[in-house]
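Report on one structure; see the data block that follows.
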Amino acid sequence: MDILTNTKNPLVSIITPSFNRADFLEQTIISVLEQDYPNIEYIVLDDGSTDNTTEILKKYEGQIEWKRHENMGEQRTVNLGFKMTKGDYVCVVNSDDPLYPGAIQKLVQALQENIDAIAAYPDWNEIDSLSNVTRTIKLPIYDIREMLVSLDVSIGPGLLIRRKSIKQIEIRDTSLKYAGDLALYFQLALIGRLIHIPEPLATHRIHANAASTTGKGKEMAD
């Protein structure tokens, strides 16, 4: 995808952190490359994978920007991605969570139509290892009060953030292995308005080795 300089289609930077997700990574890459939005910078960061992730990434040389580094965890990998991006908007797409067609176009449009908003988030589908939809997550309109009162915050897949907002916060807290993204959502809600798109535009895959479903225990509770 060519990077264009214009105000109609501002640059969107998409970051995909990946660690041993070769089974799902290519589907996710294709879902980004096939977006109909014309101005995307796509960065895939291999966090020291020991599977055939490198072979998959090499197939897309020239279409994506990718980099491999020694394993340092998802939070630090995403923070590195934030520093590498050049776009007016930034989106993190996990390596096993493909986007739906038209997602980026609709997210950008929502932010262009709401210039006071700092981020836009859609509804999303939970999928299984075969990409079958197991349930649809329909989200409310979140603000910081709603988030603090309900403590039930399901923002995640498909969140598109204005780059200038990322500069105002401390990006992902690397001390929070499982809740760094949740803390980020609270930080965003503290500084500005969030826009909800009532349509499933992204996915979250549930499978045996998913980071969000393994290894939590006491650490997640803390």
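Overview of values
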read-out: Charge-dipole axis of the range 17-82 as Lys and Arg at +1 and Asp and Glu at -1 on Cβ define it, positive-most pick from A22, Y37, T77; value: T77
read-out: Helical contribution to [θ] at 222 nm, DSSP H n ≥ 4, -39,500 (n - 2.57), averaged over the chain, rounded to 500; value: -8500 deg cm²/dmol
read-out: Under DSSP loop assignment and at most 14 Cβ neighbours within 10 Å, longest trypsin sites (Lys or Arg not before Pro)-free interval of the chain; value: 87-137
read-out: Longest exposed-site-free window of the chain, the sites being GluC sites (Glu not before Pro) in a DSSP loop that have at most 13 other C-beta atoms within 10 Å; value: 71-169
read-out: The chain: most fluctuating residue of S150, S49, S95 per GNM, C-alpha cutoff 10 Å; value: S150
read-out: Among L139, L107, S150 - extreme Cα towards positive end, dipole of the range 51-181, charges at beta-carbon; value: L107
read-out: Nitroxide proxy distance, nm - points 7 Å out along Cα→Cβ at I191 and H69; value: 2.0
read-out: Value of relative contact order over the range 85-169, rounded to a whole percent, pairs C-alpha under 8 Å and six or more apart; value: 43
read-out: Antiparallel bridges, percent of DSSP beta bridges restricted to the chain (to nearest 5); value: 25
read-out: Cα coordinate range in the range 1-109, projected on the principal axes (Å, largest first); value: 41, 25, 22
read-out: Net charge dipole size for the chain [Lys, Arg +1 and Asp, Glu -1 on Cβ; Debye, nearest 20]; value: 520
read-out: log₁₀ of I(q)/I(0) at q = 0.08, 0.10 Å⁻¹ - the chain, Debye sum with one point per alpha carbon; value: -0.26, -0.41
read-out: Of the DSSP H helices in the chain, those whose Cα atoms cover at least 24 Å axially and whose Kyte score averages 1.6 or more; value: none
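Taken together, the values in this text are just the output of simple stated rules run on the coordinates, not laboratory data. Being a predicted model, the structure only gives us computed values, none of them experimental. Don't worry about glycine lacking a Cβ; one is built from the backbone with ideal geometry, like all the others, and counts go over all protein chains shown.
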